[in-house]
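Before any comments, here is the structure.
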Amino acid sequence: TSCSRPQTELLFHFLNMADENRRLVEAGRVCLVNFGPLVGKLVVIVNVVDGKRVLVDGPSTVNGVPRQIMPLARLSLTIIKIDIEPGSRLPTLMKAYKAADVQKQWAESSWAKGIAKKAAKTKLSDFDRFKVMVARKTRARVVNTHMKKMLKK
Amino acid sequence: FPPGGVPPPLSPRRNVAKPAKLRESITPGTVLILLSGRFRGKRVVFLKQLESGLLLVTGPYKINGVPLRRINQAFVIATSTKVDVSGADVKKFNDAYFARPKTKATKSADGFFAAESQKQELSADRIADQKAVDAKILDAVKKVEFMKPYLNSRFSLSKGQQPHAMVF
């Protein structure tokens with residue numbers, strides 16, 4: 001092989017380091033739960049247990065997720081981070097959470113918007129689906145007639 | 001004889017089938033998707049449930065060609081879309097109205113093969129009834145944007161669509 005395994009790993013490591021928006025598993029990192037009963041909820045990493053597990057909190061007063069240990073495999077890290085010391089208790093956590101305005105940051109992210117879009121799509125009724133189809137077709141017609149005019153020139 | 005006495009024989013008509021209970025999702029004015037029969041895929045307006053349990057529906061006829069017709073609830077998807085049918089008078093329609101007239105068995109020389117299928121001519125009454133009922137419904141349909149082309153379209157599943165995961 002041209003590139004040995006340790007070399008390729010080093011290469012990926014350097015490529016990741018170049019990205020300013022690295023997301024580290026650290027106290028204060030906001031994550032989205034992607035598996036299990038709490039799927040879809042935003043949680044904050046409060047402390048790291050070991051290589052595979054972290055201590056996580058909703059915060060519990062915000063979305064009802066109690067402080068618990070969660071495997072990292074269940075979490076998708078977001079770009080959002082709040083400023084807390086590892087092991088911060090609820091009042092300090094809440095203070096930092098509000099200061100960073102996590103809800104607003106999350107809602108404005110394209111990730112959250114994509115999730116909302118998908119959720120809205122599944123809730124469409126039969127009539128709604130028909131209206132969406134009509135809208136798509138009218139838009140396509142406008143675009144295509146314009147395209148044809150441009151191609152003719 | 002046993003001490004309590006012999007119980008009376010069970011009535012043979014104990015297990016009479018009752019007319020099907022109407023699904024909660026189906027109320028007068030609900031748009032239904034027909035799943036079988038000549039008009040499969042068509043979206044129609046539900047009017048009322050008849051005594052036999054069958055559902056009375058109408059296209060309206062001018063929109064999608066479905067006349068006043070009886071449908072079995074089992075072959076129908078109820079959507080959440082509703083049309084205002086309060087103006088339509090459907091009291092006169094019952095199962096007897098739709099019963100097929102009994103044709104006398106014609107014993108001709110050819111037997112089964114020469115059976116003249118007498119095409120039932122549509123009576124003027126039927127057409128008048130259809131128009132009377134549909135008039136009010138069409139008014140209501142016109143008030144909702146896209147309702148007319150919606151009722152005119154047929155339902156179909158495209159790739160990736162799963163009926164059990166879809167909201168109707």
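The values are calculated or read from the model by the stated rules, or taken from the named source; none is laboratory data. Quick caveat, the model's predicted, so the values are computed rather than measured. Heads up, the Cβs are rebuilt from the backbone with ideal geometry, glycines too, and the neighbour counts pull from every protein chain shown.
Within 13 Å of chain A (Cβ to nearest Cβ) and of a type outside the set (Lys, Arg): is that true of B:Ala78 in this structure?
In short, yes.
Out of the range B:40-64, which residues are more than 14 Å from chain A (Cβ to nearest Cβ) and β-branched (Val, Ile, Thr)?
Matches in the range B:40-64: B:Val57, B:Thr58.
Are any residues in the range A:72-131 more than 14 Å from every other protein chain (Cβ to nearest Cβ) and farther than 22 Å from A:Ile45 by Cα, and if so, which ones? Can you show your working first?
Restricting attention to the range A:72-131, the residues satisfying the condition of being more than 14 Å from every other protein chain (Cβ to nearest Cβ) are A:72-117.
A:Lys113, A:Gly114, A:Ala116, A:Lys117, listed by residue number.
Please go through the range B:157-168 and pick out each residue that is facing chain A (nearest Cβ under 9 Å) and either touching a strand residue (DSSP E or B) at 6+ places or on another chain (Cβ under 9 Å) or of a type in the set (Asp, Glu) (or both).
Those that are facing chain A (nearest Cβ under 9 Å) and either touching a strand residue (DSSP E or B) at 6+ places or on another chain (Cβ under 9 Å) or of a type in the set (Asp, Glu) (or both): B:Val167, B:Phe168.
Please identify the pairs in which a residue from the range B:129-151 that is on the phi < 0 side of the Ramachandran plot has its Cβ atom under 6 Å from the Cβ atom of a residue that is exposed (fewer than 13 other Cβ atoms within 10 Å of the Cβ), counting only partners at least 6 apart or on another chain.
B:Lys136/B:Gly87
Filter the range A:95-153 down to the residues that are within 30 Å of B:Ala78 (Cα to Cα), exposed (fewer than 13 other Cβ atoms within 10 Å of the Cβ) and of a type in the set (Val, Ile, Thr) and list them by number.
Hits for the range A:95-153 are A:Thr122, A:Val132, A:Thr138.
Results for (1) among the polar types (S, T, N, Q); (2) more than 21 Å from B:Leu32 (Cα to Cα); (3) modelled with pLDDT of 90 or more, shown as yes or no for each residue.
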{"residue": "B:Thr106", "(1), (2), (3)": "yes, yes, no"}
{"residue": "B:Ala114", "(1), (2), (3)": "no, yes, no"}
{"residue": "B:Gln120", "(1), (2), (3)": "yes, yes, no"}
{"residue": "B:Ser123", "(1), (2), (3)": "yes, yes, no"}
{"residue": "B:Val133", "(1), (2), (3)": "no, no, yes"}
{"residue": "B:Asp139", "(1), (2), (3)": "no, no, yes"}
{"residue": "B:Lys143", "(1), (2), (3)": "no, no, yes"}
{"residue": "B:Phe155", "(1), (2), (3)": "no, no, yes"}
{"residue": "B:Lys159", "(1), (2), (3)": "no, yes, yes"}
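Scan the range B:140-156 for residues that are aliphatic (A, V, I, L, M) and away from chain A (no Cβ under 11 Å) and jot them down. Reasoning before the result, please.
Taking the range B:140-156 first, the residues aliphatic (A, V, I, L, M) are B:140-141, B:144, B:147, B:151.
B:Ala140, B:Val141, listed by residue number.
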